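Below you'll find the structure, written out as structure tokens, and then a few comments.
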Amino acid sequence: MRQVRPKKNLGQHFLTDLSIAKRIADTVDVRADLPVLEIGPGMGVMTQFLLEKPQELRVVEIDRESVAYLQANFPKLEGRIVSGDFLRMDLNEVFEGREFLLTGNYPYDISSQIFFKMLDYRRLIPCCTGMIQREVAERIASKPSTKAYGILSVMIQTWYDVDYLFTVDEHVFNPPPKVKSAVIRMSRNTRQELGCNEALYKKVVKTTFGQRRKMLRVSLRQLFNQQSLPRQDFFNQEIMTKRPEQLTIEQFITLTNMVEHELQSETKTT
């Protein structure tokens, strides 16, 4: 069967360097006790190495041409290919509710969506590895008070420890992307409870980084009824003079509890 033609609308950049494909596949060795789900196997350049490992493997592929190629060239994948959109899947059904490791050469244009879905299913995914755009990897791994620190950094690092493993050059892909890539590993940390309202936490993080150059006392006003803003001393607290990139995860949790207290007070007085 002829090779699959990379499709721009699917963000396909097929890895052609087998040594790098093996290095990425070997990142799953960190949890050899878990089954593995590979996203976007394409023509199976990573899949061939994953199939050599003891873990149970399943792959999810949205491109029908790639699915046909995998079926024709990898008989060991029989019954293990999920033809569909990962973002629409119920991950409880992949391994019958068991924990699993997530890996892949992720489509760059939806990698953030993939990782937000991972967060929603963090109970099932204690570890995630794979390759993404280098800029996104740097954001995910960045620390407070750095330029790259943002929504992805906070939301992922709330629940996962992040390791930036290595950088991958453009020339090992077909077609070559216009940016460099990076391989990362995200491992569930010890946090079991957030210690605040999780929905509000997400809202606080997204709202403050939506105006990342402004102090919190300015950006947080969007969360309140303009006719019934919090008492002035709420905005006079020292933390309100900071910008979002200066806050640690623990400070965001504290800030969320502060905001929730004010929102509840506002409700009682209206």
Task: Where the Cα pairs of the range 63-213 fall when distances are cut into 5 Å bins, in % - done: 2, 8, 15, 19, 19, 17, 10, 5, 3, 1, 0
Task: Accessible area of the chain divided out per residue, in Å², using a probe of 1.4 angstrom - done: 50
Open item on the list: From Cα pairs below 8 angstrom and at least 6 apart in sequence, can you work out the relative contact order of the range 1-147, rounded to a whole percent?
Closed with: 24
Open item on the list: Can you list residues from other chains, or at least 5 along the same chain, whose modelled amide H is less than 5 Å from the amide H of E56?
Closed with: V36
Open item on the list: Ignoring ligands, DNA and RNA, please state the percent of accessible area on the chain from carbon and sulfur, probe 1.4 Å.
Closed with: 47
Open item on the list: Helix-only mean residue ellipticity at 222 nm, the chain, DSSP H runs n ≥ 4 weighted -39,500 (n - 2.57), per residue, nearest 500. What is it?
Closed with: -9500 deg cm²/dmol
- [ ] Calculate how large, on average over all directions, the projected area of the Cα convex hull of the range 137-237 is; give the answer in nm² to one decimal.
- [x] 9.2
- [ ] Give the value in nm², to one decimal: projected area of the alpha carbon convex hull of the range 1-112, averaged over all directions.
- [x] 6.9
Open item on the list: Counting C-alpha atoms alone, how compact is the chain: give Rg to one decimal and Dmax as a whole number, in angstrom.
Closed with: 21.3, 70
TODO: Provide, in order from the shortest bin, the percent of all Cα-Cα pairs of the range 181-246 in each 5 Å bin, continuing until the bin that contains the maximum pair distance.
DONE: 3, 14, 19, 20, 19, 11, 8, 4, 3, 1
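May I ask you to derive the FRET efficiency for K203 and Q71 from their Cβ-Cβ distance with R0 = 41 Å, giving the value to the nearest 0.05?
0.40
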Open item on the list: For the pair E99/A148, report the inter-label distance in nm, with labels modelled 7 Å from Cα in the Cβ direction.
Closed with: 2.8
TODO: Name the residues whose placed amide hydrogens come within less than 5 Å of the amide hydrogen of Y160, ignoring near sequence neighbours (fewer than 5 apart) on the same chain.
DONE: N189
- [ ] Quick one: Debye curve from the alpha-carbon atoms of the range 46-121 only, equal weights, vacuum; give me log10 I(q)/I(0) at q = 0.26 Å⁻¹ to two decimals.
- [x] -1.53
TODO: Quick one: which residues, 5+ away or cross-chain, put their amide H under 5 Å from the amide H of L247? H built at 1.01 Å from N.
DONE: S145
- [ ] In whole Hz, with x marking every Gly and Pro, tabulate ³J(HN,Hα) for the range 229-236 from phi via Karplus 6.51 cos²θ - 1.76 cosθ + 1.60, θ = phi - 60°.
- [x] 5, x, 4, 4, 5, 4, 7, 8
Open item on the list: Checking the table K202/K242; K117/K147; K147/K214; K143/K202; K117/K242; K22/K143 against a 20 Å threshold on Cα-Cα, which pairs fail?
Closed with: K117/K147; K117/K242; K22/K143
Task: Distance from the range 147-169 to the range 172-193 (C-alpha centre basis), Å - done: 8
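The values are calculated or read from the model by the stated rules, or taken from the named source; none is laboratory data. Values in this document were obtained by computation on a predicted structure and should not be read as measured data. As a convention, Cβ positions derive from the backbone with ideal geometry for all residues, glycine included, and neighbour counts pool all protein chains shown. Quick note on the areas: whole protein, heavy atoms, side chains included, nothing else; ligands and nucleic acids left out. Shrake-Rupley method; radii C 1.70, N 1.55, O 1.52, S 1.80 Å.
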